[in-house]
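S.K.: Take a look at this one; I'll ask things after.
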Amino acid sequence: MFAVKSSSRFIHHKLIFSFFRTTTTRTNLPRFLMATTNLPAAGFSTSTETKKRVGTHNGSFHCDEALGCFMIRLTHKFLGADIVRTRDPKVLETLDAVLDVGGVYDPTTDRYDHHQKGFDQVFGHGFTTKLSSAGLVYKHYGMEIIAKELQLDQGHPNVLRLFLAVYKSFMEAIDAIDNGVNQYDTDLPPRYVNNTNLSSRVGKLNLDWMEPDQSSDKENEAFQRAMALAGGEFLEWKLHLFELEEEMKIDPSIKYVLYEDDRSKNWRVQAVAVSPDKFESRKPLPAQWRGLRDEELSKESGIAGCVFVHMSGFIGGNATYEGALAMARAGLQLK
């Protein structure tokens with residue numbers, strides 16, 4: 001993903017947009033291993049593979065463990081790990097990592113629960129919200145995940161910038177909501193930013209109590225959908241672009257973002273909204289392009305490979321990166 005400013009200079013901050021779209025496809029979602037309190041540890045898997053196993057609790061789920069499981073499976077250590085959902089202590093002891101259950105926080109053994117008495121871990125860097133299991137995973141593995149996708153060393157300053165921006169604009173709300181922290185306290189400024197209401201949307205994916213099939217298989221299918229939803233919004237560029245602009249003191253502001261669409265393999269040029277909660281674009285694509293497609297659009301714009309421009313001008317497409325970049329450049333000049 002590339003950001004375009006309204007000047008002759010172009011910023012090339014590669015964020016993690018297309019990557020997370022590909023990792024939430026059905027083929028890449030985890031295989032769940034059945035583990036219940038009435039099933040012995042040796043009986044819940046017949047696999048002879050050496051794949052890592054990450055545990056979380058069964059039953060009703062929340063956003064923090066769904067996102068935590070998604071994130072930890074992106075790391076080198078737990079890449080593609082199986083998910084085991086159980087509360088059986090004997091089973092949990094056999095697992096390579098455990099999130100949101102077990103009553104232990106110990107990063108040296110990859111135990112990331114936050115419910116135990118005396119737990120008081122926070123993210124640091126000026127943030128004071130108590131962490132959830134997702135926050136704990138992000139605290140210990142977030143830099144690795146971001147650096148890996150940016151293809152930068154973890155010590156690069158852009159990795160730290162994005163690491164902090166993602167926590168502020170996305171992760172902190174998940175931690176706060178899971179720990180019951182009110183966003184507002186009387187007339188003071190909000191304690192955290194909640195741009196997505198993701199926690200409530202994940203919660204709605206739990207099985208309805210009137211659902212006739214309350215089996216473990218059905219429950220795990222619901223949790224799989226929750227992981228896909230949470231993961232699909234993790235590091236969504238729209239949420240963090242504004243934080244990065246402020247942090248990096250980018251002026252003039254970014255007008256367009258370029259990224260590859262994973263389904264069509266075409267490139268998109270998308271206008272940045274005036275703010276995270278607004279549909280209005282800072283600079284929509286030119287009015288004379290809107291509603292046109294293919295050859296008609298290429299002829300009008302003078303740019304080869306054009307695919308479409310939306311009627312509102314908030315997004316357009318081109319067959320190549322070079323074409324999408326040309327559309328963005330032209331969009332900066334035209335009304």
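The values are calculated or read from the model by the stated rules, or taken from the named source; none is laboratory data. Here the structure is a predicted model, which means the values were calculated and not measured. With ideal geometry, Cβ positions are generated from the backbone for all residues, glycine too; neighbour counts draw on all protein chains shown.
S.K.: Let me confirm something: among S281, S301, S275, which residue is under 27 Å from V166 (Cα atoms), out of contact with any Gly (no Cβ under 8 Å at 6 or more places or on another chain), free of Cβ contacts under 8 Å to residues at least 40 places away in the same chain and among the small types (G, A, S)?
M.R.: Result of the check over S281, S301, S275: S275.
S.K.: Follow-up. Looking at segment 146-170, which of its residues are farther than 21 Å from E245 by Cα and surrounded by 16 or more Cβ atoms within 10 Å (Cβ to Cβ)?
M.R.: Listed by number, the list holds a single entry, K148.
S.K.: Quick one: count up the residues across segment 266-279 that are farther than 20 Å from L244 by Cβ and either touching a strand residue (DSSP E or B) at 6+ places or on another chain (Cβ under 6 Å) or of a type in the set (D, E) (or both).
M.R.: Total satisfying the criteria: 2.
S.K.: Here is a further query. Is it true that some residue in segment 267-275 is buried (at least 16 other Cβ atoms within 10 Å of the Cβ) and not hydrophobic (A, V, I, L, M, F, W, C)?
M.R.: Yes: one or more hits.
S.K.: So which residues in segment 207-244 are acidic (D, E) and over 19 Å from the mean Cα position of the chain (by Cα)? Walk me through it before giving the result.
M.R.: The initial filter retains those residues of segment 207-244 that are acidic (D, E), namely 208, 211, 213, 217, 219, 221, 233, 236, 243.
Within segment 207-244, D208, E211, D213, D217, E219, E221 meet the criteria.
S.K.: Scanning segment 209-244 for residues that are surrounded by 18 or more Cβ atoms within 10 Å (Cβ to Cβ) and among the charged types (D, E, K, R), which turns out farthest from L332 (Cα to Cα)?
M.R.: E219
S.K.: What's the total number of residues in segment 310-326 that are assigned to a loop (DSSP other than H, G, I, E, B) and more than 13 Å from P284 (Cα to Cα)?
M.R.: Within segment 310-326, the first condition is being assigned to a loop (DSSP other than H, G, I, E, B), and the residues that meet it are 310-314, 319-320.
Those left that are additionally more than 13 Å from P284 (Cα to Cα): 319-320.
Residues that pass the stated criteria total 2.
S.K.: Among L67, L29, L33, which is at pLDDT 95 or above and over 22 Å from Q151 (Cα atoms)?
M.R.: One residue alone meets the criteria, L67.
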